[in-house]
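I have placed the structure first, in the form of structure tokens, so that the comments after it can refer back to it.
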Amino acid sequence: MAVLILLAGLSPWATDMYLSAFPDMQTEWGTSPSAVQMTLTGFLIGMAAGQLLIGTLSDGLGRRGLLLIGSVAFTVCSLLCAIAPTIELLILIRAVQGFAGAAGVVLSRAVISDASHGHSAARRFAILTSIGAMAPVVAPLFGNVVLALGNWRLIFVSLAALGVLMTAGTLTWIPETLPACRRGGISVRANLQRMHQLLTQRTFAGYVIVGSLAQASLMTYVAASSFVLRSTYGVPPALYSVIFSINAVGIVGAAALFGVLAGRFRHQVLLAAGLMWGAFGATALLIFSLMGQPPLWLTCACFFTQTSATGLLMTAIMSLTQADSAGSSGAASALVGGSRLLAGASVIPLTGLVGTDSLVPMAIIMSTLMVASLVTYRQSGPTRPAEVEET
């Protein structure tokens, strides 16, 4: 599990660890802020594409070999980022780095699905969700420490060092969890057929859509909350960091709660609870904002309610989709992870278009997406009230 945590968590760290170095990168190359931001966009696009391809391909080739290739490629790309001579080349390398790093993210879930089931798998998925939620809080802090020792290039050297640990850990402690007798074909047609079979299952497709909508709602908060809080409430950067950290801790706590409750309640029940929890927080935020600017503490309470629910519902979706993967856990992990990344990336420009000088536009988007996620689940997933199961 320690190696799987590193595999799943390193790529999120690669997105957040160097954010505070953006001004230094802009100054060094004399370029625009948007050009520097493209290094992050390129990484996210590469990661989304990598999850969709690598996860599905692993159902035909196995997990361990692709994990090793991805780990080595991530390490090499990190070193190339550290010596990149131009911003254009850095953007390209970052896209490849994201593609390679996707192997750890998508295959760590598939390995857990191969090797464990039921409550045991649910607890392990909860740990992975918690690590992903902690990355936006912890990674920038480590990035600042590295920047105090050198320039932004040293951050990518440290990522390369972590990549070496990831490769060594995979070689030493991660066995092949998908035996040859359970593998499918590796052709393009075979890969597309695996994804098609999953998406034609109404319940599975519903889980994918539910997770994508909920992720888009969360990314609306991530993209717009700093602008809204600073422009409407005058929140200083230090206080915003505290608010953001508290919400991230809420996600971690909700994911841990899933691990505790998964042995007593059906996962569909926990997913429904998470969706109602998140929809309540986002809708309350909209109602309060339409009545006038609410007090800061009330706005933060609504943020916490909506964001923390993500930890519960996303862990439930991860567990449910892996259980319904019908032997294609790599493809299932790819579809869930890739769709969430694409949904989150697509909603970020929307928050800028509708305006960030008021709480109302942000609240409308967040509540609409969360309510749509809840409605989608009601239409596509099991809605029968489930009994409490004996531990």
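The C-beta contact set for the range 96-122 (first residue surrounded by 24 or more Cβ atoms within 10 Å (Cβ to Cβ), second residue in a helix (DSSP H, G or I) and of a type in the set (D, E, K, R), distance under 6 angstrom, 6+ apart or interchain) comprises 112/124. For the range 150-164, the count of residues that are surrounded by 22 or more Cβ atoms within 10 Å (Cβ to Cβ) and basic (Lys, Arg) is zero.
Go through the range 58-95 and give me each residue that's closer than 30 Å to residue 181 by Cα and either crowded, with 24+ Cβ neighbours inside 10 Å or not assigned by TED's automatic domain parsing to the domain that holds residue 115 (or both). Reasoning before the result, please.
Residues of the range 58-95 that are closer than 30 Å to residue 181 by Cα, as a first pass: 58-74.
Those that are closer than 30 Å to residue 181 by Cα and either crowded, with 24+ Cβ neighbours inside 10 Å or not assigned by TED's automatic domain parsing to the domain that holds residue 115 (or both): 58, 59, 63, 67, 70, 71, 74.
Within the range 214-238, the set of residues being of a type in the set (A, V, I, L, M) and surrounded by 15 or more Cβ atoms within 10 Å (Cβ to Cβ) comprises 214, 216, 218, 219, 222, 223, 224, 228, 229, 235.
Taking the range 8-42 as the region of interest, how many residues are in contact with a Pro (Cβ under 8 Å, 6 or more places away or on another chain) and surrounded by fewer than 18 Cβ atoms within 10 Å (Cβ to Cβ)?
Quick first cut of the range 8-42, residues in contact with a Pro (Cβ under 8 Å, 6 or more places away or on another chain) only: 12, 16-17, 19-20, 22, 26.
With the extra rule that they be surrounded by fewer than 18 Cβ atoms within 10 Å (Cβ to Cβ), the set shrinks to 19-20, 22, 26.
Residues flagged as in contact with a Pro (Cβ under 8 Å, 6 or more places away or on another chain) and surrounded by fewer than 18 Cβ atoms within 10 Å (Cβ to Cβ) within the range 8-42 amount to 4.
For residue 332, the test of being outside any loop (DSSP other than H, G, I, E, B), on the phi < 0 side of the Ramachandran plot, at pLDDT 85 or above and aliphatic (A, V, I, L, M) is failed. Of all residues in the range 165-181, those satisfying the criterion of being surrounded by 12 or more Cβ atoms within 10 Å (Cβ to Cβ) and modelled with pLDDT under 90 are 177, 178.
Taking the criterion of being at pLDDT below 80 and either over 20 Å from residue 299 (Cα atoms) or in contact with a Cys (Cβ under 9 Å, 6 or more places away or on another chain) (or both), the only residue of the range 353-379 that qualifies is 353. The residue that is nearest to residue 18 (Cα to Cα), counting only those in the range 119-176 that are among the β-branched types (Val, Ile, Thr) and out of contact with any Ser or Thr (no Cβ under 7 Å at 6 or more places or on another chain), is 155. Sub-7 Å Cβ pairs linking a first residue in the range 264-278 that is over 16 Å from residue 305 (Cβ atoms) to a second residue that is in a helix (DSSP H, G or I) and of a type in the set (S, T, N, Q), at least 6 apart or interchain, are 267/319, ordered by first then second residue. So is residue 137 over 26 Å from residue 264 (Cβ atoms), buried (at least 24 other Cβ atoms within 10 Å of the Cβ), under 22 Å from the mean Cα position of the chain (by Cα) and at pLDDT below 90 or not? Considered against the rule, which asks whether it is over 26 Å from residue 264 (Cβ atoms), buried (at least 24 other Cβ atoms within 10 Å of the Cβ), under 22 Å from the mean Cα position of the chain (by Cα) and at pLDDT below 90, residue 137 comes out as no.
Restricting the search to the range 282-298, which residues are assigned to a helix (DSSP H, G or I), surrounded by fewer than 24 Cβ atoms within 10 Å (Cβ to Cβ) and in contact with a helix residue (DSSP H, G or I) (Cβ under 9 Å, 6 or more places away or on another chain)? Write out each step before concluding.
Taking the range 282-298 as the starting set, the residues that turn out to be assigned to a helix (DSSP H, G or I) are 282-290, 296-298.
So of that shortlist, the ones also surrounded by fewer than 24 Cβ atoms within 10 Å (Cβ to Cβ) come out as 283-284, 286-290, 296-298.
Scanning the range 282-298 gives 283, 284, 286, 287, 288, 289, 290, 296, 298.
Here residue 192 clears all of (1) of a type in the set (A, V, I, L, M); (2) surrounded by fewer than 20 Cβ atoms within 10 Å (Cβ to Cβ); (3) within 21 Å of the chain's Cα centre (by Cα) except the condition numbered (3).
The values are calculated or read from the model by the stated rules, or taken from the named source; none is laboratory data. Source: prediction; values computed, not measured. Methodologically, a virtual Cβ is constructed for each residue, glycine included, from the backbone with ideal geometry; neighbour enumeration extends over all protein chains shown.
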